[in-house]
1. Can you work out which of the residues in region 60-73 that are of a type outside the set (Asp, Glu) and open to solvent by 30 Å² or more (accessible area, probe 1.4 Å) is nearest to residue 276 (Cα to Cα)?
2. So if I check each of 349, 382, 334, 343, which one is closer than 22 Å to residue 168 by Cα, surrounded by fewer than 22 Cβ atoms within 10 Å (Cβ to Cβ) and either in contact with an Asp or Glu (Cβ under 6 Å, 6 or more places away or on another chain) or β-branched (Val, Ile, Thr) (or both)?
3. Quick one: which of 623, 606 is closer than 22 Å to residue 743 by Cβ and outside any helix (DSSP H, G or I)?
4. Out of 541, 505, which single residue is within 24 Å of residue 462 (Cα to Cα), buried (at least 24 other Cβ atoms within 10 Å of the Cβ) and in contact with a helix residue (DSSP H, G or I) (Cβ under 9 Å, 6 or more places away or on another chain)?
5. Do we find that residue 221 is in contact with a Ser or Thr (Cβ under 8 Å, 6 or more places away or on another chain) and either surrounded by fewer than 24 Cβ atoms within 10 Å (Cβ to Cβ) or within 19 Å of residue 265 (Cβ to Cβ) (or both) in this structure?
6. In region 203-227, how many residues are without any contact (Cβ under 8 Å) to a residue 40 or more places away in the chain and under 24 Å from the mean Cα position of the chain (by Cα)?
7. Inspect region 200-209 for any residue being of a type in the set (Phe, Trp, Tyr), at pLDDT 95 or above and open to solvent by 40 Å² or more (accessible area, probe 1.4 Å) and give the result as yes or no.
8. Tell me whether region 583-601 contains one or more residues that are in a loop (DSSP other than H, G, I, E, B), among the small types (Gly, Ala, Ser) and modelled with pLDDT of 95 or more.
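The values are calculated or read from the model by the stated rules, or taken from the named source; none is laboratory data. What you see is a predicted model; the values in this text were computed from it and never measured. Methodologically, a virtual Cβ is constructed for each residue, glycine included, from the backbone with ideal geometry; neighbour enumeration extends over all protein chains shown. Side chains included, ligands, DNA and RNA excluded: accessible areas come from the protein's heavy atoms. Shrake-Rupley method; radii C 1.70, N 1.55, O 1.52, S 1.80 Å.
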Amino acid sequence: MQPFGHKGRLEDERMLKGRGRYVADWNLPGQACGHFLRSDRAHAEIAALDASSALAMPGVIAVLTGADVAAAGLRPLPAAAPVKGRGGAEQLPTVRPALAQGRVRYVGEPVALVVAESAAVAQDAAEAVAVEYRELPAVIDARAALARGAPLLHENVPGNLLLDFAGGDEAAAEAAFRRAARVVRLTSYHSRVVGNPMEPRAGMGVFDSDSGIFQLYACTQGATGMRGQMSAVLGVPPEKIRVIAEEVGGGFGVRFNIYPEYCALLLAAKRLGRPVKWVGTRSEVFTGDEQARDIVHRGEMALDASGRILGMRFEYLCNLGAYLAFTGSFVNTVNLVNVASGVYDVQAVHVQAKLALTNTVPTAAYRGAGRPVSSYAIERLVDQAAHELGMDPAELRRRNLVARNRFPYRIATGFEYDCGDFEGVLDKALKAAQWNSFEERRAQSRRRGRLRGRGIATYIEASGAGGFAPYDQVQLAWDRDACITLRATSHSHGQGHETTYAQIVSGVLGVPMESIRLRTADPDMQLVGNPTGGSRSLLGVGSVLLMASQEVVRKGLALAAEELEAAPADVEFLEGKYRIKGTDREVALAALARKHPGRLDVDLKEKKVGTTFPNGCHIAEVEIEVETGSAEIVRYVACDDAGNIINHQIVEGQMQGGITQGAGHILGEQAIYDPDSGQLLNGSFMDYPMPRALLVNNLTLLDHPVPTQTNPLGAKGVGEAGVTGSMPCLMNAVLDALRQAGVTHFDMPATPQRVWRALQAAKAGDPRALAVAELSGHS
């Protein structure tokens with residue numbers, strides 16, 4: 001399926017020329033401006049709140065507080081409960097209001113919404129709102145939160161433990177460890193990060209009193225998901241809510257859910273009878289957007305005398321922050337077990353995950369949404385085993401891979417890998433990375449005074465199941481000029497949906513890609529389907545668009561037969577035209593669409609496609625400068641099986657972005673909280689390092705497609721593969737380099753200061769001096 005007479009992405013020209021419309025660009029007649037007063041305490045009771053001085057200021061319209069939210073009958077923000085805990089225990093809820101009621105539980109929690117005639121006046125007035133707090137002790141570390149006597153965040157959650165989840169076969173794992181010739185253990189910390197999309201969050205609430213319809217202009221990954229969540233808060237049917245967006249400047253999972261601010265904006269709009277707009281700042285991204293990861297994991301591997309893996313056990317302690325976000329439980333339960341054994345032929349696997357509350361920003365989905373955590377835990381443990389066994393890490397992996405003739409392969413936690421060629425992927429990556437000549441390059445680095453390390457990760461992740469709707473619906477409509485409008489629920493925030501979807505439809509209908517446009521969050525849209533997430537947009541929505549296009553061709557056949565005065569069996573369709581077989585008599589599909597308005601439109605709803613499993617092998621080499629601790633990625637090879645590829649340019653862009661995002665996490669990113677006050681210490685780009693384009697040098701991308709049968713396109717998804725493979729690969733490379741200097745334990749982030757400290761500690765004879773600090777979450 002190739003582009004029809006088009007080069008490059010359809011959306012690029014609009015973006016490069018500044019014609020994209022983001023949430024902050026929307027303006028409506030009579031709109032007011034909002035500013036949120038946020039808590040500056042991590043944990044405190046609200047003893048008193050006085051807004052009289054703010055209300056007396058010129059231009060101030062209203063100040064909404066938690067009392068107004070309660071009086072209006074708004075319900076708490078919802079959270080999905082996809083699984084039960086050990087022994088059938090229910091997941092405990094947390095009551096998260098649109099504006100704080102009685103207590104604040106993290107720095108940045110919205111306390112009041114000030115509405116004024118201008119944003120500047122609203123901000124000034126927010127500073128005049130007097131809040132009296134009664135301080136409470138705070139806890140930011142998940143292990144400390146579960147300790148006896150820890151400060152309690154919610155009265156209904158004893159011991160701050162939301163859920164104690166388990167998956168896999170505990171008895172089989174225990175039996176495997178009893179017969180093991182060798183047991184390898186590794187405890188690591190997966191640091192907390194801030195999603196930081198390019199576009200800070202913004203929103204505008206509108207209410208039409210005549211129809212009772214709410215309109216929310218917001219950053220979104222899909223209108224239907226947010227509409228359903230907002231319905232639960234407002235207590236109105238989803239049909240009474242419209243979520244509107246055009247461009248969204250990045251999502252990464254942190255634009256999947258609704259936020260308290262959106263609920264407050266809609267309440268203000270209804271109460272005041274006019275639109276209320278809020279544009280957030282970068283500082284509010286750091287303290288108000290969902291964060292991610294912050295997980296301590298302990299892995300154990302049982303091996304026989306020949307290096308075969310007999311069993312694995314993993315314990316995850318997940319910091320969910322002050323409230324349970326909508327996707328917070330899902331990413332730390334289901335997404336930790338759906339690839340629990342990685343690419344390895346191991347049936348004795350057990351996973352336990354404890355979900356804890358702390359006085360930090362809530363955590364939820366972030367690129368990969370749990371699968372990078374699982375991949376990191378598995379691949380770090382495999383490398384540790386290879387090191388302790390004195391075995392080549394590629395050979396240990398090869399010895400334990402699921403063979404190609406074993407598919408479909410059901411893993412211990414019940415999920416089924418549909419297809420793959422794990423050994424073929426490994427072999428292609430090893431060859432491209434010049435695996436066998438690494439020691440020569442290491443020696444060259446040593447002569448230049450640098451430590452060179454090599455890391456490998458053979459990962460797998462699950463894609464296609466993102467979202468909670470059982471169906472995906474698309475619409476394909478022609479206008480009078482024979483241009484096509486596609487409507488779907490999967491919203492693009494940088495992935496290139498406009499191009500890829502047009503390419504699929506163009507490939508079937510034979511019309512120019514430029515004649516096709518995509519709409520995903522218009523005011524009049526009421527489609528059923530799933531948002532962007534879980535690397536499912538192409539294989540899920542794209543597959544339904546393929547089927548809708550094929551339906552257009554079938555519907556057009558009858559019209560063409562009538563136009564050509566021929567039997568349908570004598571008419572064929574090729575390159576956008578119906579032709580009587582063996583003749584030159586033909587009629588274009590576009591001409592039929594113009595002649596018969598509406599007759600070739602299609603509205604198709606199909607059952608959500610099944611889960612499939614992208615996988616790959618990543619190999620990286622890093623150099624560390626001993627004097628400064630600076631680590632540089634000097635070579636990187638990624639060989640990935642994403643199934644059938646529709647657009648190589650977009651796939652390469654997704655891989656480059658994902659790999660770089662993972663590299664940023666390993667080499668720098670970490671949200672650091674003060675353990676005593678609960679304040680975020682690096683809440684700006686002055687202190688929080690973001691990955692840059694040149695972070696990953698000498699990047700080689702390879703394809704090894706094994707098409708899946710779970711969807712008509714044969715695609716497996718690619719959006720999260722890069723980060724899932726790069727994180728363990730790079731951390732393994734960093735530790736391989738540091739081992740030459742005597743460091744035996746090290747974990748993310750590998751910032752120059754932390755690497756230098758580890759080297760100095762090893763020189764002083766303490767190779768694990770950073771181990772405790774590394775797992776603290778505030779090192």
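1. Ranking the qualifying residues of region 60-73, first place goes to 61.
2. Of the residues listed, the single one that is closer than 22 Å to residue 168 by Cα, surrounded by fewer than 22 Cβ atoms within 10 Å (Cβ to Cβ) and either in contact with an Asp or Glu (Cβ under 6 Å, 6 or more places away or on another chain) or β-branched (Val, Ile, Thr) (or both) is 334.
3. That would be 623, the only listed residue that is closer than 22 Å to residue 743 by Cβ and outside any helix (DSSP H, G or I).
4. 541
5. Yes, satisfied.
6. The total comes to 1.
7. yes
8. There is at least one residue in region 583-601 that is in a loop (DSSP other than H, G, I, E, B), among the small types (Gly, Ala, Ser) and modelled with pLDDT of 95 or more.
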